[in-house]
1. Would you confirm, using the coordinates I've provided, whether A59 is within 30 Å of G99 (Cα to Cα) and modelled with pLDDT of 70 or more?
2. Kindly indicate whether G173 is at pLDDT 90 or above, part of a strand (DSSP E or B) and not hydroxyl-bearing (S, T, Y).
3. Tell me, yes or no, whether region 166-184 has at least one residue that is in contact with a strand residue (DSSP E or B) (Cβ under 7 Å, 6 or more places away or on another chain), within 22 Å of C243 (Cβ to Cβ), surrounded by 20 or more Cβ atoms within 10 Å (Cβ to Cβ) and among the hydroxyl-bearing types (S, T, Y).
4. Confirm whether L154 is closer than 17 Å to G115 by Cβ, assigned to a loop (DSSP other than H, G, I, E, B) and of a type in the set (A, V, I, L, M).
5. Only one of these conditions is not met by V92: (1) exposed (fewer than 14 other Cβ atoms within 10 Å of the Cβ); (2) over 19 Å from P235 (Cα atoms); (3) out of contact with any strand residue (DSSP E or B) (no Cβ under 7 Å at 6 or more places or on another chain). Which number is it?
6. Mind checking whether some residue in region 85-100 is modelled with pLDDT of 85 or more and either touching a Cys at 6+ places or on another chain (Cβ under 6 Å) or in a loop (DSSP other than H, G, I, E, B) (or both)?
7. Which residue out of V92, V131 is under 20 Å from the mean Cα position of the chain (by Cα) and β-branched (V, I, T)?
8. Exactly one condition in (1) modelled with pLDDT of 70 or more; (2) in contact with a Cys (Cβ under 9 Å, 6 or more places away or on another chain); (3) part of a loop (DSSP other than H, G, I, E, B) is false for A208; which is it?
Amino acid sequence: MTRDWLLLRLAAQNVGRRRLRAVLLALAVMVGVGIGFASFVAGWALSAGMTTAFSRMGADFVAVPRGTLVNITSSLLTVQPTDETLAAGLAVPIGIIAGVARVAPQRIVPILVDGQPANVVAFDPVRDFTVRSWLEDHRRGAVGTSDVILGGRLAGGLGQTLSLCGKPLGIYGRLGKTGVGPFDESYFLTFDALAELVAFCRVSGAKAGARPARPGGADGLEHTGANVCPPDLEPDQVSAFCCSSRQTPRLRKSSSHWPGCQVSRSSKATMS
């Protein structure tokens, strides 16, 4: 104990005799620690930003019914509104094509939201990689069958309730603005929520025959035909399969043989 105390006393005396050196040494240590901490924070922020950017790049390819219009951008997030559909079971043969990494089905349905015509995009939350990555504000927990997600240009906030064909759904979250019109101006819900909505419309006696909303007009939507809800919607149909690829050159060669559909590539896939 006496020896330890003596060493501490000698160290204190040594520091006291060379105060300038001690102060400079302390400053050097603090600067070094500060630079190390700042580098760690900057690296973490850069990594998080790159992860978010890559997750928002959308699909490399989208498989749609033949003749369907696709808005070719650097981020394929959803298909243009269409009446044509594909069998949901095509996800299996598409998924085993060489070069296909992920397959995310989507279904676009024209409905009434608070009495106004709008498009709803149904997606599979398990397979999805183009919708949830754009969520900027949302409730805790997974999106459920009583939830709806707002596109970036739509009005509304968390905790509010919307009427979809007379069925109340709570706002789960909001997507960021993507610059892709059909994506920013649509409502999003799960396939299970769409099935429950169709069952609700069937029970409530809503009429069928609506056509999808298309961008245009003062409010960004233009409907042709009757604006009504879909009680007879076929549940095993989709509007598109958003696909990501791991072998782009090889996938291009096989894309002309995709079963019963046409393939459109995003501009980033075309340039690669």
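1. No: the conditions fail for A59.
2. Criteria met by G173.
3. No, that holds for no residue.
4. So L154 passes the test.
5. Among (1) exposed (fewer than 14 other Cβ atoms within 10 Å of the Cβ); (2) over 19 Å from P235 (Cα atoms); (3) out of contact with any strand residue (DSSP E or B) (no Cβ under 7 Å at 6 or more places or on another chain), the lone unmet condition for V92 is (2).
6. Within region 85-100, one or more residues are modelled with pLDDT of 85 or more and either touching a Cys at 6+ places or on another chain (Cβ under 6 Å) or in a loop (DSSP other than H, G, I, E, B) (or both).
7. Selected residue: V131, the only one of V92, V131 that is under 20 Å from the mean Cα position of the chain (by Cα) and β-branched (V, I, T).
8. (1)
The values are calculated or read from the model by the stated rules, or taken from the named source; none is laboratory data. Quantities reported herein were computed from a predicted structural model and do not represent experimental measurements. Cβ sites come from the backbone with ideal geometry, for glycine too, and all protein chains shown count toward neighbours.
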